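In what follows, a structure is listed as structure tokens, so that the remarks can point back to it.
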């Protein structure tokens, strides 16, 4: 579907497991308006698609933009996607399978819709207007419940034929190590995700090695989130700081492997853990990555913290949609 010739506004959308966010941008990427809604994934995909449309309409209303002035929509989605057909193949956190999201939204809005992996969108946002602006090649690493990764290479998202790639969370860093959710052992995600950090922190708290964490969050994993870990460290829990630094060092091992493979000039660290403890993660990841990378690459990259925060995915989705649709209209391969 081609963009309207007189339209110059773009919508970026972040579809999360618990919330969704729509933001409207001009063609020069000035922010115009936004709207948030709860995802309510338990209501199913049909309800979810209606909520997405409702959020986009609400964002357009807040921006004072008519639908006729909308050029396209980019939507960042977690899970396995068929990027060519615009289908959510399997999004476990949403409970969606084989949802034809592009067709649904194109019929509703009459403009091109581009779907993109949510982490790829976040990295593209940082490349377009954030911490990695104007980089030749950037790799993003986003530790959270899992560990997501994405790569922008000479302005294009590195991807497979139909699916996203760069599953850095499932690089094996510890052969025979802890069991990962993917079924393998020793994956980076199994030793450095927030879930694995929280589990180790709970053990430390249970052993009375983290008295401040006990007061802040107890030993319940659902309470030991990024903010609680940061507060514990700031209050003086050295055991928790050691656990976080060790996890960040494992991420540095994964980054070194990526540096050896792709030679990116910028590594962007993002996500809730990094936002809560930026100095610890940047220092530990960079130190380990420089130690572990090949000597030829040791000083070829910089490690930086993401700048766009929660807006990275929506900004990147909108920017990628504009790039994709514009190139399609020009016939660029």
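May I ask you to verify whether residue 157 is surrounded by 17 or more Cβ atoms within 10 Å (Cβ to Cβ) and closer than 19 Å to residue 323 by Cα?
Details: surrounded by 17 or more Cβ atoms within 10 Å (Cβ to Cβ): yes; closer than 19 Å to residue 323 by Cα: yes.
In short, yes.
Among the residues of the range 204-214, which ones are surrounded by fewer than 14 Cβ atoms within 10 Å (Cβ to Cβ) and part of a helix (DSSP H, G or I)? Step through it out loud before you land on a result.
Narrowing the range 204-214 to residues surrounded by fewer than 14 Cβ atoms within 10 Å (Cβ to Cβ): 206-208.
If the condition is that a residue be surrounded by fewer than 14 Cβ atoms within 10 Å (Cβ to Cβ) and part of a helix (DSSP H, G or I), then 206 is the only one that fits.
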Tell me which residues, restricted to the range 130-155, are in contact with a helix residue (DSSP H, G or I) (Cβ under 7 Å, 6 or more places away or on another chain), touching a residue at least 40 places away in the same chain (Cβ under 8 Å) and over 15 Å from residue 305 (Cβ atoms). 137, 145, 146, 147, 148, 149, 151
Filter the range 208-243 for residues that are within 21 Å of residue 178 (Cα to Cα) and out of contact with any helix residue (DSSP H, G or I) (no Cβ under 6 Å at 6 or more places or on another chain); the one that is modelled with the highest pLDDT is 242
Just checking, which of 111, 119, 88, 24 is buried (at least 22 other Cβ atoms within 10 Å of the Cβ), in a loop (DSSP other than H, G, I, E, B), touching a strand residue (DSSP E or B) at 6+ places or on another chain (Cβ under 8 Å) and not assigned by TED's automatic domain parsing to the domain that holds residue 154? 111
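Please list, ordered by residue number, the helices (runs of 4 or more DSSP H) wholly in the range 253-333 having 1 or more residues that are more than 20 Å from residue 192 (Cα to Cα) and either in contact with a helix residue (DSSP H, G or I) (Cβ under 9 Å, 6 or more places away or on another chain) or outside the structural domain of residue 111 (by TED's automatic domain parsing) (or both). Steps first, please.
On the way: elements: 272-276, 278-292, 312-330.
Once the helices (runs of 4 or more DSSP H) in the range 253-333 are filtered for at least 1 residues that are more than 20 Å from residue 192 (Cα to Cα) and either in contact with a helix residue (DSSP H, G or I) (Cβ under 9 Å, 6 or more places away or on another chain) or outside the structural domain of residue 111 (by TED's automatic domain parsing) (or both), what remains is 312-330.
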Sort through 74, 33, 12 and tell me the only one that's in a strand (DSSP E or B), in contact with a helix residue (DSSP H, G or I) (Cβ under 6 Å, 6 or more places away or on another chain) and surrounded by fewer than 20 Cβ atoms within 10 Å (Cβ to Cβ). 33
Being more than 18 Å from residue 315 (Cβ to Cβ) and in contact with a strand residue (DSSP E or B) (Cβ under 6 Å, 6 or more places away or on another chain) is the filter here, so list the residues in the range 140-163 that pass it. 141, 149, 153, 158, 162
Looking at residue 127 and the list (1) within 24 Å of residue 155 (Cα to Cα); (2) not in a helix (DSSP H, G or I), which single condition is not satisfied? (2)
Search the range 98-108 for residues being in contact (Cβ under 8 Å) with a residue 12 or more places away in the chain and either under 15 Å from the mean Cα position of the chain (by Cα) or outside any loop (DSSP other than H, G, I, E, B) (or both), and hand back the single one that is nearest to residue 153 (Cα to Cα). 102
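The values are calculated or read from the model by the stated rules, or taken from the named source; none is laboratory data. Values in this document were obtained by computation on a predicted structure and should not be read as measured data. FYI the Cβ positions are ideal-geometry reconstructions off the backbone, even for glycines, and counts take in every protein chain you see.
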